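Undergrad: The structure's right below; bear with me while I get my questions together.
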Amino acid sequence: MAYFVTGATGFIGRHLVEELVDHRAGTIFVLCRESSLDRMEALIRSWASDRVVPVVGDLGSDRLGVDEAWVEEHCGDIDHFFHLAAIYDMTADDATNEALNVGGTRHALELAEALQVGHFHQVSSVAAAGEFEGTFDEAMFDEGQHLPSPYHRTKFESEKIVRTEATVPWRVYRPAIVVGHSETGAMDKVDGPYYFFPLMKLMRDNLPGWLPLVGIDLGDTNVVPVDYVAKAMDHLAHLPDRDGEAFHLVNPDPQPVVDMVNAFCRAAGAPTFATPVDRRTTGALGLLPRALRPSTLINGVIRTAPAQAVLDLTVGRLGVPAEVLAHTSFTAVFDSRRTEKALAGSGIAVPDLEGYARTLWGYWEENLDEATGRDARNREALQGKYVVITGASSGIGQVTALKVAQCGGIPVLVARGKDKLEETRATIERRGGTAHVFPCDLSDLEAIDALCEQLTTELPAIDFVVNNAGRSIRRSLKLSHDRFHDFERTMQLNYFGAIRLVMGLLPTMRKQKRGHVVNVSSIGVQTNPPRFSAYVASKAALDSWSNVVSSELVGDGITFTGIHMPLVRTPMIAPTKIYDKFPTISPAQAADLVIKAMVERPHEINTLLGNVGAVAHTVAPKLAFRVLNMAYHVFPDSAAAKGTTPGEPGSTGTRESEQIMLAKVFKGVHW
């Protein structure tokens with residue numbers, strides 16, 4: 001069995017090839033422009049397969065520009081030809097859509113016919129249904145529907161070419177709006193609902209999450225994760241006797257636009273929208289015909305030229321194209337019963353958006369949000385600067401490295417695991433940045449000395465040091481009497497390791513007459529939550545050391561910032577399962593605080609709650625301890641702390657309600 005895939009470097013194409021590599025046998029030929037061979041070879045290395053073979057060609061040429069000798073050699077050998085190369089962008093102009101979607105499909109079909117392939121698989125789109133009103137099933141195609149944009153028109157035309165001109169067996173796949181991977185969040189560009197994420201971030205950062213907002217019923221949309229699309233295509237392509245059919249790769253249950261927006265708002269921690277007047281009152285009760293419903297009227301107004309001009313000057317400047325606003329909902333309901341029946345028993349199904357919305361948001365915030373790099377002050381402070389970041393293999397450290405690189409800085413990645421550091425460096429380099437990798441066990445003082453020698457010898461400067469690596473232990477004192485090593489381990493990494501690194505780099509910073517150290521401390525230093533005596537003590541020690549030496553070093557141009565970080569959703573807190581329902585900030589939000597510390601260089605960065613806790617311990621310490629003792633009894637020790645079977649007793653019913661209430665009132669505190 002052999003395959004030919006166009007668009008293998010594209011978003012859906014990459015995941016499809018990965019499915020073929022993992023689950024199918026035979027050679028997988030992938031079309032690639034000569035200028036993109038390096039990128040393709042990097043992808044092939046990531047797939048770890050010698051069965052993926054690039055074929056040089058071009059979407060804009062007859063027969064995709066593939067060499068005639070290659071075509072003759074492989075004629076009759078290709079069982080499945082997947083055509084994914086196209087433009088999936090509502091904002092693209094007519095000429096681009098015509099060339100890539102229509103012309104590209106015709107050229108791909110020419111090559112497939114010359115190769116006498118067994119099956120031609122055309123990846124179309126639900127956009128081919130245009131503005132059809134009502135149920136659009138998989139047997140429908142040319143129903144006289146209005147095609148409102150170049151994208152809709154060319155998706156319809158390219159599918160028509162396959163249906164009417166193909167001389168080889170064909171199958172068509174119509175995905176809905178494709179979002180990132182439901183398990184990893186991986187996405188390669190801002191598209192579809194992602195255009196609205198900056199607005200949600202703005203809401204999160206400026207409005208309380210509990211604030212109720214009034215929304216409008218804008219009709220239904222339909223989003224599916226890329227892993228579902230790739231798995232479904234792979235399965236459907238290999239079913240016997242299904243040629244000449246189209247398959248809707250959609251969510252069987254249409255998603256109201258407001259529900260989709262609210263799912264991402266909840267993932268972001270932003271306020272959500274209520275729709276006091278929706279189709280239940282305007283439609284189901286027969287009060288208004290479809291043409292007079294709010295969603296129809298609003299979408300009609302948005303698509304007018306004056307409205308598009310106004311939108312370009314307003315929300316367009318926030319990154320939301322007016323063309324996207326004009327097509328946020330579908331007039332058709334896509335019947336996918338044929339696809340569901342074909343997938344029955346395979347285990348392939350569309351996951352619920354609520355279950356992976358946070359994953360998509362987190363990936364966007366950490367990898368696709370470019371707001372940090374666009375800030376002129378950030379670029380001025382970090383451009384060309386060498387930033388040593390410990391704990392850079394995951395969580396706060398990794399995202400900080402990505403943001404530093406986005407600002408033109410040069411992250412110096414330090415952690416124990418070299419492989420993960422190399423992955424982060426590769427990501428930065430793919431985006432045009434530069435990074436250095438220095439693996440080191442920061443609990444080993446001699447290893448730190450060797451690291452400092454390397455850094456000062458191999459790097460031209462040390463501009464910033466971010467002490468982010470840390471160890472957290474959540475265990476009550478009554479369970480710690482025979483575990484004194486917990487206190488030794490946290491002090492070794494969080495305190496001794498951090499100051500050993502700074503002391504080793506101080507001679508270079510003194511010589512430069514500049515340097516800034518950022519210590520990622522904890523809100524616990526201000527609030528003193530129970531069960532964290534080992535962790536909080538180590539962070540408090542680092543705070544105190546930095547406060548003392550700051551007065552000695554400020555004359556040398558060396559300054560410190562301590563960030564009393566609230567609870568962050570990182571791998572470090574993952575073992576404590578009660579945190580799954582607690583309000584936390586994301587690693588990207590935490591990284592933004594680190595960037596702020598480097599740019600503005602304040603002595604401390606605190607939260608309001610942290611400051612309130614510090615004042616309470618000063619003004620009314622007895623009351624503060626009573627409140628903390630109440631929390632101590634509400635929150636149980638973890639199973640790991642007790643040395644018992646995983647599962648946290650006391651985390652259901654009334655007790656769980658008390659825990660969540662306290663967590664929301666004291667947002668960000670480690671309990």
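Undergrad: Would you tally the residues in region 448-482 being among the charged types (D, E, K, R) and modelled with pLDDT of 95 or more?
TA: Step one: filter region 448-482 for residues among the charged types (D, E, K, R), giving 449, 453, 458, 463, 471, 474-475, 478, 482.
Now narrow it down to the ones that are modelled with pLDDT of 95 or more: 449, 453, 458, 463.
Matching residues across region 448-482 total 4.
Undergrad: Quickly run through region 184-212 and pick out the residues that are over 15 Å from residue 12 (Cα atoms) and either of a type in the set (A, V, I, L, M) or part of a loop (DSSP other than H, G, I, E, B) (or both). Can you show your working first?
TA: Initial filter on region 184-212 (over 15 Å from residue 12 (Cα atoms)): 193-212.
Once the filter is applied, which keeps residues that are over 15 Å from residue 12 (Cα atoms) and either of a type in the set (A, V, I, L, M) or part of a loop (DSSP other than H, G, I, E, B) (or both), region 184-212 yields 199, 200, 202, 203, 207, 208, 209, 210, 211, 212.
Undergrad: Which residue pairs have Cβ atoms under 8 Å apart, sit 6 or more places apart or on different chains, and have a first residue in region 113-131 that is assigned by TED's automatic domain parsing to the domain that holds residue 8 and a second that is surrounded by 24 or more Cβ atoms within 10 Å (Cβ to Cβ) and acidic (Asp, Glu)?
TA: Correct list of pairs: 122/159; 124/159; 128/159.
Undergrad: What do you reckon, is residue 195 assigned by TED's automatic domain parsing to the domain that holds residue 78 and in contact (Cβ under 8 Å) with a residue 60 or more places away in the chain? Show your work before the answer.
TA: Working: assigned by TED's automatic domain parsing to the domain that holds residue 78: no; in contact (Cβ under 8 Å) with a residue 60 or more places away in the chain: yes.
In short, no.
Undergrad: Which helices (runs of 4 or more DSSP H) does region 414-527 wholly contain that include 3 or more residues that are more than 25 Å from residue 556 (Cα to Cα)? Even if it seems obvious, please write down each step before you answer.
TA: Values: elements: 418-430, 445-458, 484-490, 498-512, 524-527.
Counting at least 3 such residues, we get 418-430, 445-458, 484-490, 524-527.
Undergrad: Here's another thing I want to ask about it. How many of the residues in region 344-364 are of a type outside the set (S, T, N, Q), touching a helix residue (DSSP H, G or I) at 6+ places or on another chain (Cβ under 6 Å) and farther than 22 Å from residue 258 by Cβ? Working first, answer last.
TA: Taking region 344-364 as the starting set, the residues that turn out to be of a type outside the set (S, T, N, Q) are 344-345, 347-358, 360-364.
Next, only the ones that are touching a helix residue (DSSP H, G or I) at 6+ places or on another chain (Cβ under 6 Å) stay: 348, 350, 353-354, 357-358, 361, 364.
The next check asks that each one be farther than 22 Å from residue 258 by Cβ; those that pass are 348.
Summing the residues that are of a type outside the set (S, T, N, Q), touching a helix residue (DSSP H, G or I) at 6+ places or on another chain (Cβ under 6 Å) and farther than 22 Å from residue 258 by Cβ in region 344-364 gives 1.
Undergrad: Moving to a separate point now. Hey, among 217, 227, 188, which residue is touching a residue at least 12 places away in the same chain (Cβ under 8 Å) and more than 26 Å from the chain's Cα centre (by Cα)?
TA: Values: 227 fails: more than 26 Å from the chain's Cα centre (by Cα); 188 fails: more than 26 Å from the chain's Cα centre (by Cα).
Result of the check over 217, 227, 188: 217.
Undergrad: Now, a different point. Answer yes or no: is there a residue in region 493-507 that is farther than 20 Å from residue 548 by Cα and over 33 Å from the mean Cα position of the chain (by Cα).
TA: No - not one qualifying residue is present in region 493-507.
Undergrad: Might you check whether a residue that is in contact (Cβ under 8 Å) with a residue 24 or more places away in the chain and surrounded by fewer than 23 Cβ atoms within 10 Å (Cβ to Cβ) occurs anywhere in region 397-407?
TA: Kept after step one, since they are in contact (Cβ under 8 Å) with a residue 24 or more places away in the chain, are these residues of region 397-407: 397-407.
The next check asks that each one be surrounded by fewer than 23 Cβ atoms within 10 Å (Cβ to Cβ); those that pass are none.
Checked region 397-407: no residue is in contact (Cβ under 8 Å) with a residue 24 or more places away in the chain and surrounded by fewer than 23 Cβ atoms within 10 Å (Cβ to Cβ).
Undergrad: Taking the conditions exactly as written (touching an Asp or Glu at 6+ places or on another chain (Cβ under 8 Å), of a type in the set (Lys, Arg) and modelled with pLDDT under 85), does residue 642 satisfy them or not?
TA: Numbers: touching an Asp or Glu at 6+ places or on another chain (Cβ under 8 Å): no; of a type in the set (Lys, Arg): yes; modelled with pLDDT under 85: yes.
When the stated conditions are applied, residue 642 does not pass them.
Undergrad: Kindly check whether there is at least one residue in region 573-585 that is in contact with an Asp or Glu (Cβ under 6 Å, 6 or more places away or on another chain), of a type in the set (A, V, I, L, M), closer than 28 Å to residue 265 by Cβ and modelled with pLDDT under 90.
TA: yes
Undergrad: So residue 596 clears everything in (1) at pLDDT below 90; (2) assigned by TED's automatic domain parsing to the domain that holds residue 469; (3) not polar (S, T, N, Q) except one condition, right? Which one?
TA: Of (1) at pLDDT below 90; (2) assigned by TED's automatic domain parsing to the domain that holds residue 469; (3) not polar (S, T, N, Q), only one is false for residue 596: (1).
Undergrad: Quick one: would you say residue 532 is assigned by TED's automatic domain parsing to the domain that holds residue 439 and in contact with a Gly (Cβ under 7 Å, 6 or more places away or on another chain)? Break it down stepwise before answering.
TA: Numbers: assigned by TED's automatic domain parsing to the domain that holds residue 439: yes; in contact with a Gly (Cβ under 7 Å, 6 or more places away or on another chain): yes.
The answer is yes for residue 532.
Undergrad: Being closer than 18 Å to residue 463 by Cα and either of a type in the set (A, V, I, L, M, F, W, C) or not assigned by TED's automatic domain parsing to the domain that holds residue 467 (or both) is the filter; apply it to region 393-409 and report the residue that is farthest from the chain's Cα centre (by Cα).
TA: Per the stated criteria, the residue is 407.
Undergrad: So which residues in region 137-171 are of a type in the set (Val, Ile, Thr) and surrounded by fewer than 22 Cβ atoms within 10 Å (Cβ to Cβ), if there are any at all? Give the steps one after another, and end with the answer.
TA: First pass over region 137-171, keeping only residues of a type in the set (Val, Ile, Thr): 154, 161-162, 164, 167-168.
Across region 137-171, the qualifying residues are 161, 164, 167, 168.
Undergrad: Out of all the residues in region 126-136, is one or more modelled with pLDDT of 95 or more, closer than 21 Å to residue 9 by Cα, surrounded by 15 or more Cβ atoms within 10 Å (Cβ to Cβ) and not aromatic (Phe, Trp, Tyr)?
TA: Within region 126-136, none of the residues are modelled with pLDDT of 95 or more, closer than 21 Å to residue 9 by Cα, surrounded by 15 or more Cβ atoms within 10 Å (Cβ to Cβ) and not aromatic (Phe, Trp, Tyr).
Undergrad: Counting just the residues of region 343-379 that are farther than 21 Å from residue 587 by Cβ and touching a strand residue (DSSP E or B) at 6+ places or on another chain (Cβ under 7 Å), which one comes out surrounded by the fewest Cβ atoms within 10 Å (Cβ to Cβ)?
TA: 351
Undergrad: I'm checking my understanding of the structure. Among residues of region 519-550 that are of a type in the set (Phe, Trp, Tyr) and over 15 Å from residue 617 (Cβ atoms), which one is surrounded by the most Cβ atoms within 10 Å (Cβ to Cβ)? Give the steps one after another, and end with the answer.
TA: Going residue by residue through region 519-550, those that are of a type in the set (Phe, Trp, Tyr) are 532, 535, 545.
After this cut, where a residue has to be over 15 Å from residue 617 (Cβ atoms) as well, the list is 535, 545.
Details: 535: 25, 545: 17.
This residue is 535.
Undergrad: Quick one: which helices (runs of 4 or more DSSP H) sit completely within region 54-115 and have at least 1 residues that are out of contact with any Pro (no Cβ under 9 Å at 6 or more places or on another chain), closer than 15 Å to residue 157 by Cβ and at pLDDT 95 or above? If you could, list the steps in order and put the result at the bottom.
TA: Details: elements: 68-74, 94-97, 104-115.
Once the helices (runs of 4 or more DSSP H) in region 54-115 are filtered for at least 1 residues that are out of contact with any Pro (no Cβ under 9 Å at 6 or more places or on another chain), closer than 15 Å to residue 157 by Cβ and at pLDDT 95 or above, what remains is 104-115.
Undergrad: Something else: May I ask you to list the residues in region 236-258 that are crowded, with 18+ Cβ neighbours inside 10 Å and either in contact (Cβ under 8 Å) with a residue 60 or more places away in the chain or not in a helix (DSSP H, G or I) (or both)? Give the derivation first.
TA: Step one: filter region 236-258 for residues crowded, with 18+ Cβ neighbours inside 10 Å, giving 236-237, 246-251, 254-258.
Within region 236-258, 236, 237, 246, 247, 248, 249, 250, 251, 254, 255, 256, 257 qualify.
Undergrad: Shifting gears a bit: Can you tell me how many residues within region 596-620 are under 17 Å from residue 517 (Cβ atoms) and not in a loop (DSSP other than H, G, I, E, B)? Write out each step before concluding.
TA: Looking only at region 596-620, we keep the residues that are under 17 Å from residue 517 (Cβ atoms), and these are 596-605.
Now restrict to residues that are not in a loop (DSSP other than H, G, I, E, B): 596-600, 604-605.
Count: 7.
The values are calculated or read from the model by the stated rules, or taken from the named source; none is laboratory data. The structure presented is a predicted model; accordingly, all values stated were derived computationally and were not measured. Heads up, the Cβs are rebuilt from the backbone with ideal geometry, glycines too, and the neighbour counts pull from every protein chain shown.
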